[in-house]
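We did not get these values from a lab; they are worked out from the coordinates using the rules stated. Note that the structure is predicted; figures quoted are calculated from it, not measured. Neighbour counts are summed over all protein chains in view; Cβ atoms, including those assigned to glycine, are modelled from backbone coordinates with ideal geometry.
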Amino acid sequence: MIRASFSLDSNQRITSFKLTGHADSGPYGQDIVCAAVSALSISTVNGLEQVVHAAPHVEQDNANGGFLKVTDLSLERESQILLRTLLNGLIDIQESYPQNIKVKMFN
């Protein structure tokens, strides 16, 4: 199961997020939940860096996969729009595949 956790500040802005685990919804290379989560998360990080020119701190495990931690997120409106889009997309995936992904938010 993929576990997605989002840290929120007192104004409900996303200050960090972490993705761990594997969806295991299909064979390697055919796992649509993993592909969707990967596409959303990578696009979000790329958007933060290349479109809004934010500088988040990114930790990932390229060798084993199944780990992405992004901290030092900008609280500016443009960054938060991208981050909320990620969160909403992951919640949508969770609604369709609750056995493969769990999304939590923490204050």
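Can you tell me the order of 22-28, 67-73 when each peptide is scored by its average per-residue count of other Cβ atoms within 10 angstrom, highest first?
67-73, 22-28
Collect residues whose amide H, placed 1.01 Å from N in the peptide plane, falls under 5 Å from the amide H of I101; neighbours closer than 5 in sequence don't count.
Excluding prolines and chain starts, which carry no amide H, the hits are I2.
Report the Stokes-Einstein translational diffusion coefficient (µm² s⁻¹, integer) for the chain, Rh taken as the Kirkwood radius over Cα pairs, at 25 °C with viscosity 0.890 mPa s.
This corresponds to a translational diffusion coefficient of 176 µm²/s.
So what's the angle, to the nearest 10 degrees on a 0 to 90 scale, between helix 32-46 and the longest Cα principal axis of the chain?
Compared with the principal axis, the helix lies near 20 degrees.
What aspartates and glutamates sit close enough to K69 to cross-link, taking a C-alpha to C-alpha distance under 13 Å and skipping anything fewer than 8 places away on the same chain?
E59, D61
Helix 77-96: angle to the longest alpha-carbon principal axis of the chain, degrees 0 to 90, nearest 10?
Rounded to the nearest ten degrees, it is 20.
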